[in-house]
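Below is one structure, written out as structure tokens, with a few remarks after it.
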Amino acid sequence: MPTPWTVRDITRAMLPVLLALTVVEIGSGLVLGSFEAELLRYPSLLALVPVTIGTAGNLGSVLAARLSTAFHLGILSFERGDELLAGNAVATVALSLTVFPVVGAGAWALTSLTVGTVLPFSTVVLVALASGVVLGFVAIAVTLVATYAAYRFELDPDDVVIPVVTNVCDVLGVLVLFGTVQVVV
């Protein structure tokens, strides 16, 4: 890992990545704005937006931290039969399956207590679960690609991978959530 640990070198390595991610986040806001009418019609979905994209980013960040640690320890290989990669991917999907239904139930409960819900409980939980499972797989794919790219470009994955994963999961989280809403609702 040739990137020295100085502020100047880390900034030089990260500035292009952060500028590109800023543009990506603007795209996320534009997508979110295009669904404004639907969000206002269904307050439960509005409550799901920040929690869903945040949770997807968190899942990716946990996986990225684990893979970065394995990379620094020299035990990460990007081979097909790598049990470390497979085990962490399965754990990420398992977390998605357990966390996102709770997120959906919480969004439904919050909106039913504050504004009254329009969508049934089962619909909100189904939207959250389906979005969460898809986002779990998306987080895995984005994390693997970002970690491998950091490895190939000889960048420190601690500096690069988590910002990339969280920003990309924000954008894709919005897209997946509203894609799921179009199918389910």
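Test THR123 against the criterion of being surrounded by fewer than 20 Cβ atoms within 10 Å (Cβ to Cβ) and at pLDDT 85 or above, and give yes or no. It is true that THR123 is surrounded by fewer than 20 Cβ atoms within 10 Å (Cβ to Cβ) and at pLDDT 85 or above. Scanning segment 73-103 for residues that are touching a residue at least 24 places away in the same chain (Cβ under 8 Å) and not aliphatic (A, V, I, L, M), we see that the one that is nearest to VAL133 (Cα to Cα) is SER96. Selection within segment 47-78: residues that are of a type in the set (Val, Ile, Thr) and within 17 Å of the chain's Cα centre (by Cα). The member of this set that is nearest to ASP170 (Cα to Cα) is ILE53.
Considering segment 126-156, the residues that are charged (D, E, K, R) and either crowded, with 16+ Cβ neighbours inside 10 Å or without any contact (Cβ under 8 Å) to a residue 12 or more places away in the chain (or both) include one that is farthest from LEU18 (Cα to Cα), namely ARG152. Taking the listed residues SER28, SER44, the one that is surrounded by 16 or more Cβ atoms within 10 Å (Cβ to Cβ), closer than 15 Å to VAL164 by Cα and either under 23 Å from the mean Cα position of the chain (by Cα) or among the small types (Gly, Ala, Ser) (or both) is SER28, with no other qualifying.
Just one of the numbered conditions (1) at pLDDT below 90; (2) closer than 18 Å to VAL49 by Cα is not true of GLY104: (1).
The values are calculated or read from the model by the stated rules, or taken from the named source; none is laboratory data. From a predicted model like this one, the values you see are computed outputs, not experimental measurements. In this analysis, Cβ positions are derived from the backbone assuming ideal geometry, glycine residues included, and neighbour counts consider all displayed protein chains.
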